[in-house]
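Since the structure comes first, as structure tokens, the remarks are kept for the end.
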Amino acid sequence: MTAVSPLELAGVAQERRLVTEVPGPRSRALLEAKRSVVADGVGTTLPVFVESAGGGVLVDVDGNHLLDLGSGIAVTTVGHAAPHVVERVRDQVGAFTHTCFMVTPYAGYVDVCVALAELTPGDHRKKSALFNSGAEAVENAVKIARVATGKDAVVVLDHAYHGRTNLTMAMTAKVMPYKQGFGPFAGEVHRVPTSYPLLDAPAGVDGSAAAARAIGRITTQVGAGNVACVVVEPIQGEGGFVVPAPGFLPAMAAWCREHDVLLVADEIQTGFARTGDWFACDHEGVVPDLVTTAKGMAGGLPLAAVTGRADVVDAVHAGGLGGTYGGNPVACAAALGAIEEMREHDLVGRARAVGTLVEGRLEALAEAHPVVVDVRGRGAMQAVELRRPDGEPDPVRTSAVAAACHARGVVVLTCGTWGNVLRLLPPLAMSDTLLHEALDVVADAFAATA
Ligand SMILES: Cc1ncc(COP(=O)(O)O)c(C=O)c1O
């Protein structure tokens, strides 16, 4: 009988193969080096140092092949080293790497904005500006909203995460580690309750009631006439993969329209096929005035965008938006390659199929382990929330499960205001076989930590 060799993507065998403990000796040596020269403030979830990656597999410096259920925090949606990304980036690097779009422009930037206008929710006329990071995109969405409305106040939600710059720290809910000691924060940021179906139970399924609660808070504590924008993650990312109850987002959008308030959808984690639609707002037909994107858009290169109604975006004077590297040509080439992958391989459909597979496996876990009190998400953005028998969050078990997955060669991430959510964000290039193997490991990790 001949041995069947595993499928390879980008030259990387699509298999889990552990040849040392995790992390192995070479990774441990590199971790020592990291400790001596890299700021302690830059944390590490799993200290295996990566040497190569392809599809759904990371290969570390010890030769271990790890299954990636994190996609570098929702970035490599198209898979590691996806062919169109690699090809376009190679060509672009050979042609030129920088001119500064604000000095001498290039077509790639415009092409990305064309794709954003086509793909983001709504068929109105749209314009975009490109940036380097998600936080920068959120900052610029707020700048645009303030100029366009002539108002100052920014409304954000409980459990929100929008980044680590000064304004986005103010917009982010969780203090540790994101905000602790870094204040004072930007002003005119107001937080209101969101829809968190698990915690809102038994009324949690009523999204319009949750919206009425949020709107009541805005009306009494901020004043609709002062609000430039309401910024929402259509599914909260770092905050715990919280999917708002149906009706919440449409009700918030309707209130914004009525009160000359702009709705900004932060789709940085949810956008670009991740949730089984191009954007998470699409699931409920919500059309925001402005959308922020980053992460999955560019297959791993740093690129972010604000896209929105042309009249709103164009309220800003020339020179008011931009930055030296914003919309870098290599990052734009990567985005065009990633979008090509998504279109060519129907990754929106693939995300839905991945969602069905993963959700089924997580539901089985919930039946077997009472610590799992909620299975939630959309498409290839799925999570479980862990609570103790007394109903309190269980971050200890969550970390233990994550650590057990890591030791067995599966990269998983945690999140949530209380650190009690295990989240799965597989690259969409991962096969069903590999996904099942990774989820077997997650199940083993639950059993081993019981
Ligand atoms: C919803 C959301 N907004 C903003 C950000 C910040 O993006 P970046 O880390 O690229 O600044 C993130 C990052 O996780 C995010 O998930």
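In square angstrom, what is the accessible area per residue of the chain with a 1.4 angstrom probe?
Values: 18070 Å² over 450 residues.
Heavy-atom accessible area per residue stands at 40 Å².
Could you run the Debye sum over the Cα atoms of the chain, one equal point scatterer each and no solvent, and tell me log10 of I(q)/I(0) at q = 0.07, 0.08, 0.09, 0.12 Å⁻¹, two decimals? Evaluating at q = 0.07, 0.08, 0.09, 0.12 Å⁻¹ gives log10 I(q)/I(0) of -0.34, -0.45, -0.57, -1.04.
For the peptides 434-442, 373-381, residues were scored by their other Cβ atoms within 10 Å and the scores averaged per peptide; the highest-first order is 373-381, 434-442. Residue ranges 208-215, 328-335, 386-393 sort as 328-335, 208-215, 386-393 when ordered by packing (mean number of other C-beta atoms within 10 Å per residue, highest first). For the stretch 134-229, the relative contact order comes to 33 percent (Cα pairs under 8 Å, sequence separation of at least 6). Note on Val50 and Val175: with the Förster distance fixed at 35 Å, the Cβ-Cβ geometry gives a FRET efficiency of about 0.70. Estimated from helices alone, the mean residue ellipticity of the chain at 222 nm is -11500 deg cm²/dmol (sum of -39500 (n - 2.57) over DSSP H runs with n ≥ 4, per residue). The aspartates and glutamates whose alpha-carbon is closer than 12 Å to the alpha-carbon of Lys174, local same-chain residues fewer than 8 away aside, are Asp158, Glu238. Bridging of Lys143 to aspartates and glutamates at a Cα separation below 14 Å is possible for Asp152, Glu188, Asp289, Asp314, once same-chain residues fewer than 8 apart are set aside. Multiplying the residue separation of Ala364 and Val316 by 0.36 nm and removing their Cα-Cα distance gives an extension gain of 12.2 nm. Would you work out if the stretch 67-109 is rounded, prolate or oblate? Take a ≥ b ≥ c from the square roots of the eigenvalues of the alpha-carbon gyration tensor; rounded if a/c is under 1.5, else prolate when a/b is larger than b/c, oblate otherwise. Since a/c reaches 1.5 and a/b is larger than b/c, the shape of the stretch 67-109 is classed as prolate. Annotation: lysines with alpha-carbon distance below 24 angstrom to Lys34 (same-chain offsets under eight excluded): Lys179. Under a 10 Å cutoff between Cα atoms, tell me which one of Arg26, Arg16, Arg88 has the largest fluctuation in the Gaussian network model of the chain. In the Gaussian network model the winner is Arg26. In the chain, the portion of solvent-accessible area held by carbon and sulfur atoms comes to 55 percent [1.4 Å probe, whole percent, DNA, RNA and ligands not counted].
Note the full-extension length gain between Thr356 and Arg28 as 0.36 nm times their separation in residues minus their Cα-Cα distance, in nm to one decimal.
On the way: separation 328, 0.36 × 328 = 118.08 nm, distance 3.72 nm.
My answer for the length gained is 114.4 nm.
Before anything else, pin down the relative contact order of the stretch 4-162: Cα pairs under 8 Å, at least 6 apart, normalised by residue count, whole percent. If you can, show how the numbers build up before the last one.
On the way: 134 pairs, mean separation 26.3, N = 159.
Worked out over the stretch 4-162, it gives 17 percent.
Can you give the FRET efficiency to the nearest 0.05 for Leu18 and Val114, using r as the Cβ-Cβ distance and R₀ = 60 Å? Efficiency, from the Cβ-Cβ distance: 0.85.
Using the average count of surrounding beta-carbon atoms within 10 Å as a protection proxy, the listed peptides 233-239, 360-366 rank, highest first, as 233-239, 360-366.
The values are calculated or read from the model by the stated rules, or taken from the named source; none is laboratory data. No experiment lies behind these values; they were computed from the predicted model shown. Using ideal geometry, Cβ is built from the backbone for each residue, glycine included, and neighbour counts are taken over all protein chains shown. SASA here: full protein model, heavy atoms, side chains in, ligands and nucleic acids out. Shrake-Rupley method; radii C 1.70, N 1.55, O 1.52, S 1.80 Å.
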